[in-house]
Amino acid sequence: MCHDFYLPQSGWITLLSIAHRYEFSDVYDRAIYELYDRPASERQSSDSGSGLGHAMLISVGEKYDVPLQHVLPSIVSLVMRAESLMEAEVVHLSTPTICRLGRAREEYVRATVRRSMNFEARASLVKELARVIWRGAQR
């Protein structure tokens, strides 16, 4: 994979859209890598302050059939954080996704409220909850 090609994140979303529509699998995989999997330390410095929010990444993933494994870190971040979803985030999400996030958050809080768990254990719990909830929604 040629990693010296640069696009801003909005450009990668556009490319993901085109690749999804016309089934360009190599371009599709590269756009997913750039948006979801590329380590932050390797991203262009001009993207660092303008990164996409987790809600937007979830929305893009849903719209363009990005496999759940790539979207999971964004789901985990929204479910585990102390603040609820903000209006600016909700506008990017579909109603079913908002319901799934709410359910995951409620189950996460219920499972951890009286238990002492480290961050990794909590994140693992959220990943499993998300897999179950999102898999159940695809039936």
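The values are calculated or read from the model by the stated rules, or taken from the named source; none is laboratory data. Treat the numbers as computed from the prediction; the structure is a model and nothing was measured. Neighbour counts are summed over all protein chains in view; Cβ atoms, including those assigned to glycine, are modelled from backbone coordinates with ideal geometry.
When restricted to residues that are assigned to a helix (DSSP H, G or I), modelled with pLDDT under 75 and of a type in the set (A, V, I, L, M), the stretch 1-49 contains 0.
Scanning the stretch 2-42 for residues that are of a type in the set (Ser, Thr, Tyr), within 17 Å of Gly61 (Cα to Cα) and either surrounded by fewer than 19 Cβ atoms within 10 Å (Cβ to Cβ) or touching a strand residue (DSSP E or B) at 6+ places or on another chain (Cβ under 9 Å) (or both) yields Ser10, Thr14, Ser17, Tyr22, Ser25, Tyr33. Contact map, the stretch 103-127: first residue in contact (Cβ under 8 Å) with a residue 40 or more places away in the chain and surrounded by 15 or more Cβ atoms within 10 Å (Cβ to Cβ), second residue in a helix (DSSP H, G or I) and small (Gly, Ala, Ser), Cβ cut-off under 7 Å, separation 6 or more or different chains; pairs are Val126/Ala104. Evaluate the following for Tyr64: is it among the aromatic types (Phe, Trp, Tyr), at pLDDT 95 or above and not assigned by TED's automatic domain parsing to the domain that holds Glu128? No: the conditions fail for Tyr64.
Which residues, counting only those in the stretch 64-87, are in a loop (DSSP other than H, G, I, E, B) and among the hydrophobic types (A, V, I, L, M, F, W, C)? Once the filter is applied, which keeps residues that are in a loop (DSSP other than H, G, I, E, B) and among the hydrophobic types (A, V, I, L, M, F, W, C), the stretch 64-87 yields Val66, Ala82, Leu85, Met86. Among the residues of the stretch 93-102, the one identified as in a loop (DSSP other than H, G, I, E, B) and surrounded by 17 or more Cβ atoms within 10 Å (Cβ to Cβ) is Leu93. Checked against the criterion of being out of contact with any helix residue (DSSP H, G or I) (no Cβ under 7 Å at 6 or more places or on another chain), β-branched (Val, Ile, Thr), farther than 27 Å from Tyr22 by Cα and surrounded by fewer than 19 Cβ atoms within 10 Å (Cβ to Cβ), the stretch 70-90 has no qualifying residue.
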